[in-house]
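Beneath this line is the structure, given in structure tokens, with notes to follow.
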Amino acid sequence: MPVESLFPRLEPLLPTVQKPIQYVGGELNSQVKDWDSCDVRWAIMYPDAYEVGLPNQGVMILYEVLNEQPGVLAERTYSVWPDMAAKMRAAGVPQFTVDGHRPVKDFDVLGISFSTELGYTNMLEALDLAGIPLHARDRDESHPIVLAGGHAAFNPEPIAEFLDAAVLGDGEQAVLEMTAVLRQAKLDGVDREQTLLRLARAGGVYVPRFYDTDYLPDGRIARVVPNRPDVPFRVHKRTVMDLDEWPYPKQPLVPLAETVHERMSVEIFRGCTRGCRFCQAGMITRPVRERSLTGIGDMVKAGLDATGYEEVGLLSLSSADHSEIGAVAKGLADRYEGTQTSLSLPSTRVDAFNIDLAQEISRNGRRSGLTFAPEGGSERLRKVINKMVSKDDLVNTVTTAYGAGWRQVKLYFMVGLPTETDEDVLEIAEMARDVIRAGRSITGTRDVRCTVSIGGFVPKPHTPFQWASQLDHETTDRRLKLLRDAINSDRSTAKAIGYRYHDGKPGIVEGLLSRGDRRVGPVIEQVWRDGGKFDGWSEHFSYDRWMAAAEKAGVDVAWYTTREREQSEVLPWDHLDSGLDKEWLWSDWQDALAEQDLDDCRWIPCFDCGVCPQMGTDIQIGPTGKTLLPLTVVKNPLGVA
Amino acid sequence: MARKTPTGPPPPPPVQRLRLRYTKRGRLRFTSHRDIARAFERALRRAQVPMAYSAGFSPHPKISWVGAAPTGVASEAEYVEISVAERVDLDRLRSALDESLPAGIDITEVVEAPVGSSLPDRIEASHWGIRLPGVGLDAALQAVSAFLSAESVVVERLMKDGKRQMDARAAVVAMSASATDGDRSCATLDVVVRHVTPAVRPDDVLSGLRIVADLVPPVPPEATRYAQGPLTESGGVGDPLAPDRLHADGATRAAADLEQEAAGAPS
């Protein structure tokens, strides 16, 4: 049965809303496949505004991987802004995909990629707009399977009642295997329950309804157990090995609308074993798997040809740690000399950075600012979080950058880390002052600046800090103010130091959603019913709305956030296997409290975090010893014949 | 940011300036001018147009925009000038760039700009077509006549710096209404509007019709710019590229004359 495009009904709404182009689709390299010649159809959602969601690499990769398959169709959908949502409700236009403008409700799967828990209310808004029942138990054969992925899917318990399934880890192979299961289930004509059972039994797919949670009288979890035979006790994450075999996105989407990243991105490696104890991404994406030097070169070339972008971002969790980063940067800078193509290297560690690398990166194009992330203000605290960089290292590196011509440096820290004291935080001010003084000295000018940017720490599942007490927002705000006063107290440097921070309240809500269990679900639903959405946007976020909803649902927010957990406690995500051994995480937590650092397993013997043996994976790193050859360039193909 | 002067040679200078006429059709009418500008820059790179760049730490391709239809308004006649660092063939450039741009932004003409000529100086007025679904021809004719017989029609528009008032009547050179494709239940307005500051847009003309005749379209109207260019004596809008085309013809003739001369001359 053909599904008609909603565009004719959408079009009259477009002149009346903000930034209508975001709803139009037609991005370069997007595609609309024929509905009836496909038998498995995916709608992929990034639950935030188009300008944030479009550049998301995960969505782009899965969109392309799925659409390459014959008989499989994938289209994208994003959160519509509140002005559009109101018009759609008034006109009876349901949540649509931007590719074919087809109703999301008509797809087989609605896969939602959660980078952050603050997208949960946007999921409910999209389900409601789509005409899909909010609760999984109320859905029938006519509704898509609502599937969560992304980092937040490593603890989907707070949204368990809204999800049919969640998939943990890398999605590339998982979506193809799920597609095969769904195709067979359709051929066999089995019902929704049976289809979900098949997915659960195939491995790597978590179906919350097949697990029951029992609680102790004090509120802690007693156990989480399957309620169907052959459903695994623990669901394991997926790991893609050999990134060179998965050079996606090959044809990156280029939007007409303005988005948060106006560049082409190439993931140069996945995973990180630096072992920063606060970092969920680094813990759940192990082991390190590098894309090879030549693999990177091929992707950059194909991507630039396909997009026309003039900036290439070399992405990873710590890009300067690629075993051949020097050769990558030099090779690309040589290749694109004189073409106005610039490179950027986000996420650079202080100790892995050197000025030669920065010079290569900025050789052909615009020289952007430099960002370093010491994360912790004091040496002691940096031992606790295992981010081993000394103050001298930092000051020296930044001074070298000033000496090499940079004038603006950004320093990123967190407030609210375990064991933190006021003194730890105040050392941030001292570090910033030292940086400015050293910069003035080496440049012989007062024209150097640094910006101190502060994020609030939120303990995350599957990290050594999963047991930690989160700092209450009052203390967070008090420390932020102390730090501001300290920066301003030295009038000789105050004007050279910028200070950016957010108050502590949104972090508490993120903490509730990060380490919550199934009892937090009703809070999310209540917040959405009270008008909550776009919680990642300060102009839409309301702390009071969240607290009121928690009270109504009888949920003690402090119990989920500021309470420290004991070793014996069953955590809501214990049945979801990131590969990390819980014993190892606990011992790393104890090491943190003892201010013991731990090196990276790329350069020391295995310390048994558990991932490789549990997942059957291994570290994949170079060097390959290869080099990037120059590209053959056609001189002015449009010249006069 | 570094304050050092850029190292290395300055970018190669422009050798040819080109004027492009392009459209904004169908769904692409919802692009803003900034969207179009970004799409153009990327399309120029994909089409391997040898753009001339500005000097400095943030080199930008040399592109100058000549007016721009507002978001939501379609156009058959938008103009942009680009400068290239190596001479290009106009037809090859047109088809390569057209292919690189999304369907709906179509390059309809490319001419070479003679040295010293200014395209913005030739743009004096626009010819708009405004389709009004749900507005009958009779109502439209009545509104047009009320508008044209008014001395002035002051309308308000919300701008970034607050509300601005402007006289929509003063900017309108000509206006008429007709049935869209013979359908008397859907009128189309033909309006010639002089370019003034602040600009009077199709929206402002419609606001004027609401004020003088209480004309309120039940669904959003669809405006299209048919032409922009010099105002002709008869109150129409001329082709702003005509002088360049004449110049090119002249240049071609001159070159042909030279060749003929060369062929005819004793060796």
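In table form, for the structure just shown:
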| read-out | value |
| --- | --- |
| Förster-model FRET efficiency, 30 Å R0, A:Asp618 and A:Ser142, C-beta, rounded to 0.05 | 0.10 |
| Gyration tensor (Cα) of region A:555-634, equivalent ellipsoid semi-axes in angstrom | 39, 18, 15 |
| Ellipticity estimate at 222 nm from DSSP helix runs (n ≥ 4, -39,500 (n - 2.57)) divided over chain B, nearest 500 | -9000 deg cm²/dmol |
| Surface share of carbon and sulfur [accessible, 1.4 angstrom probe, percent] for the protein assembly as shown | 51 percent |
| Exercise: per-residue mean of other protein chain Cβ atoms within 10 Å, A:254-264 | 3 |
| Charge dipole (the protein assembly as shown, unit charges on Cβ, about Cα centre) - positive-most of A:Gln466, B:Val111, A:Thr116 | B:Val111 |
| Chain A, relative contact order [Cα under 8 Å, separation at least 6], % | 14 percent |
| At least 20 Å² accessible surface lost relative to isolated chain, residues of region B:16-39 (1.4 Å probe) | B:Arg27, B:Arg29, B:Phe30, B:Thr31, B:Arg34, B:Asp35, B:Arg38 |
| Cα-based Kirkwood hydrodynamic radius, region A:1-124, one decimal, Å | 14.7 Å |
| A:Cys606 accessible area, 1.4 Å probe, all protein chains in place, Å² to nearest 10 | 100 Å² |
| Cα-Cα P(r), region B:16-121, percent of pairs per 5 Å interval | 2, 12, 23, 27, 19, 12, 4, 0 |
| Whole-Hz ³J(HN,Hα) from phi, Karplus 6.51 cos²θ - 1.76 cosθ + 1.60, for region A:620-630, glycine and proline x | 10, 9, x, x, 8, x, 7, 9, 8, 7, x |
| Size of charge dipole - the protein assembly as shown - debye, nearest 20, with Cβ of Lys, Arg +1 and Asp, Glu -1, no other charges | 1640 debye |
| Accessible area in the full protein assembly, largest first, 1.4 Å probe, for A:Tyr50, A:Tyr412 | A:Tyr412, A:Tyr50 |
| Cross-link reach list, aspartates and glutamates versus A:Lys87, counting only Cα pairs under 17 Å and skipping chain neighbours closer than eight places | A:Glu11, A:Glu125, A:Asp128 |
| 0 to 90° range, to nearest 10: angle between helix B:242-264 axis and chain B longest Cα axis | 30 degrees |
| Projected label distance in nm at B:Glu151 and A:Ala281, using a 7 Å step from Cα toward the beta-carbon | 6.6 nm |
| Integer Hz, Karplus 6.51/-1.76/1.60 couplings in order for region A:503-513, x for Gly and Pro | 5, x, 5, x, x, 5, 5, 4, x, 4, 6 |
| Furthest towards positive pole of dipole, A:Pro8, A:Val260, A:Pro605, structure part chain A, Cβ charges | A:Val260 |
| Peptide B:84-94, shielding by other chains (average Cβ, 10 Å cutoff) | 3 |
| Centre separation in Å (Cα based) which lies between region A:445-486 and region A:128-181 | 34 Å |
| Most positive-pole-ward Cα, B:Ala77, A:Met88, A:Ser30, against dipole of the protein assembly as shown from beta carbon charges | B:Ala77 |
| Per residue convex hull volume, Cα atoms of region A:7-234, in Å³ | 129 Å³ |
| Scattering curve values for region A:126-255, log₁₀ I(q)/I(0), Debye with Cα scatterers, q = 0.20, 0.21 Å⁻¹ | -1.28, -1.35 |
| For region B:70-218, the spread of Cα positions along each principal axis, largest first, Å | 56, 36, 26 |
| Proximal lysines relative to A:Lys626, as straight alpha-carbon distance under 25 Å, when same-chain residues fewer than 8 apart are discounted | A:Lys250, A:Lys301, A:Lys330 |
| Cα gyration tensor shape for region A:183-245, rounded if a/c is under 1.5, else prolate or oblate | oblate |
| Shielded residues, region A:598-641 - accessible-area loss of 50 Å² or more between chain alone and all protein chains, probe 1.4 Å | A:Asn636, A:Pro637, A:Leu638, A:Val640 |
| Cα-Cα over 31 Å, subset of A:Lys383/A:Lys552; A:Lys186/A:Lys460; B:Lys24/B:Lys160; A:Lys410/A:Lys635 | A:Lys383/A:Lys552; A:Lys186/A:Lys460; A:Lys410/A:Lys635 |
| Global form of chain B, assessed from the alpha-carbon gyration tensor, a/c cut-off 1.5 | prolate |
| Loss of accessible area when A meets B, both sides summed, Å² nearest 100, probe 1.4 Å | 3400 Å² |
| Relative counts (whole %) of C-alpha pair distances in region A:214-308, using bins that are 5 Å wide | 2, 10, 13, 12, 13, 14, 11, 7, 7, 7, 3, 1, 0 |
| Förster radius 35 Å - calculated FRET efficiency between A:Ser441 and A:Glu595 (Cβ-Cβ, nearest 0.05) | 0.65 |
| Accessible area per residue, Å², chain A with all protein chains present, probe 1.4 Å | 37 Å² |
| Estimated [θ] at 222 nm from DSSP helical runs (n ≥ 4, -39500 (n - 2.57)) normalised by residues in chain A, nearest 500 | -10000 deg cm²/dmol |
| Probe 1.4 Å, accessible area per residue of region B:124-229, Å² | 49 Å² |
| About the Cα centre, charge dipole magnitude for region A:456-542 (Lys/Arg +1, Asp/Glu -1 at Cβ), debye | 200 debye |
| Cysteines not pairable in chain A (beta carbon separation under 4.7 Å absent) | A:Cys38, A:Cys272, A:Cys450, A:Cys601, A:Cys606, A:Cys609, A:Cys612 |
| Occluded residues from region A:303-320, i.e. those whose accessible area drops by 40 Å² or more once the chain is not alone (1.4 Å probe) | A:Gly308, A:Glu310 |
| For region A:575-641 and region B:89-157, distance of Cα centres in Å | 55 Å |
| Rounded accessible area of A:Asp556 (nearest 10 Å², 1.4 Å probe) | 90 Å² |
| Accessible surface, region B:16-121, averaged per residue in Å² (probe 1.4 Å) | 37 Å² |
| Accessible area (Å², 1.4 Å probe, nearest 10) - A:Ser441 | 90 Å² |
| Student exercise, region B:16-121 dipole from Lys, Arg, Asp, Glu Cβ charges, in Debye to nearest 20 | 360 debye |
| Area projected by the alpha carbon convex hull of the protein assembly as shown, averaged over all directions, nm² | 45.2 nm² |
| Region B:132-185 - Rg (one decimal) and Dmax (whole number), Cα, Å | 14.0, 42 |
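The values are calculated or read from the model by the stated rules, or taken from the named source; none is laboratory data. Note that the coordinates shown come from a computational prediction; the quantities given were computed from them, not determined experimentally. Please note: Cβ atoms are built from the backbone with ideal geometry, for glycine as well, and neighbour counts cover all protein chains shown. For accessibility, only protein heavy atoms count, side chains too; no ligands or nucleic acids. Shrake-Rupley method; radii C 1.70, N 1.55, O 1.52, S 1.80 Å.
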